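Engineer: Dropping a structure here in structure tokens format, bear with me for questions.
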């Protein structure tokens, strides 16, 4: 029987570079979800900028015609929203029409690999916090 105080139940990842890749993917996953939800709840940062406006009636996706930096910001935020919140729509479309699979595949892979890596980062971080709180 392995006690919870021993380190035998922890299995380290095989390689340090692999661990860094997994942690990077996990952090990117949580950052993408956090940024997408923040902009949907708090409002788009380009609201009120000259030449920037929503391209849909729900004011979710934006585009800018004024500045390259604003266009890059709007495109990045649109991509994050598509990768996170709109991905079930693309997966449903790929189930109906197989020609839509190339649209759904990148976001699906982002979520398939990102969720376990994100959970890995979350569990490891919480474990370290609990260990520091005990000490």
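Engineer: With just the Cα atoms defining each centre, how far is the range 43-88 from the range 91-135? Give it in Å.
Structural biologist: Cα centroid of the range 43-88 versus Cα centroid of the range 91-135: 23 Å apart.
Engineer: Once you wrap a convex hull around the alpha carbon atoms of the range 13-71, what is its projected area averaged over all directions, in nm²?
Structural biologist: Values: hull surface 22.4 nm².
Averaging across all directions leaves 5.6 nm² for the Cα convex hull.
Engineer: Angle, helix 101-134 long axis vs. longest principal axis of the chain, Cα atoms, 0 to 90°, nearest 10?
Structural biologist: It is inclined by approximately 40 degrees.
Engineer: Give the angle, between 0 and 90 degrees and rounded to the nearest 10, that separates the Cα long axis of helix 16-42 from the longest principal axis of the Cα atoms of the chain.
Structural biologist: Approximately 40 degrees, to the nearest ten.
Engineer: Now for a different question. Enter the angle in degrees (range 0 to 90, nearest 10) between the Cα long axis of helix 87-96 and the first principal axis of the Cα atoms of the chain, meaning the one along which they spread out most.
Structural biologist: On a 0 to 90 degree scale, this one is about 80.
Engineer: For the range 68-135, how big is the tail of P(r) above 18 Å, as a whole percent of Cα pairs?
Structural biologist: Counting every Cα pair in the range 68-135, those more than 18 Å apart make up 57 percent.
Engineer: What number, rounded to the nearest 500 deg cm²/dmol, is the helix-based mean residue ellipticity at 222 nm of the chain, given -39500 (n - 2.57) per DSSP H run of at least four residues and division by all its residues? Mind showing how you got there, number by number?
Structural biologist: Values: 4 runs with 88 residues, N = 135.
Rounded to the nearest 500, it is -22500 deg cm²/dmol.
Engineer: Kindly rank 118-126, 53-61, 28-36 from highest to lowest mean number of other beta carbons found within 10 Å of each residue. Numbers along the way, then the final one.
Structural biologist: Details: 118-126: 14.4, 53-61: 12.3, 28-36: 16.9.
Descending packing order for the listed peptides: 28-36, 118-126, 53-61.
Engineer: How large is the convex hull of the C-alpha atoms of the chain per residue, in Å³? Could you put the intermediate results ahead of the total?
Structural biologist: Working: hull volume 25.8 nm³, N = 135.
In the chain, the Cα convex hull volume per residue is 191 Å³.
Only the coordinates and a few stated rules stand behind these numbers; no lab work does. Not measured: the values here are computed from a predicted model. So basically every Cβ, Gly included, is an ideal-geometry build from the backbone, and we count neighbours across all protein chains shown.
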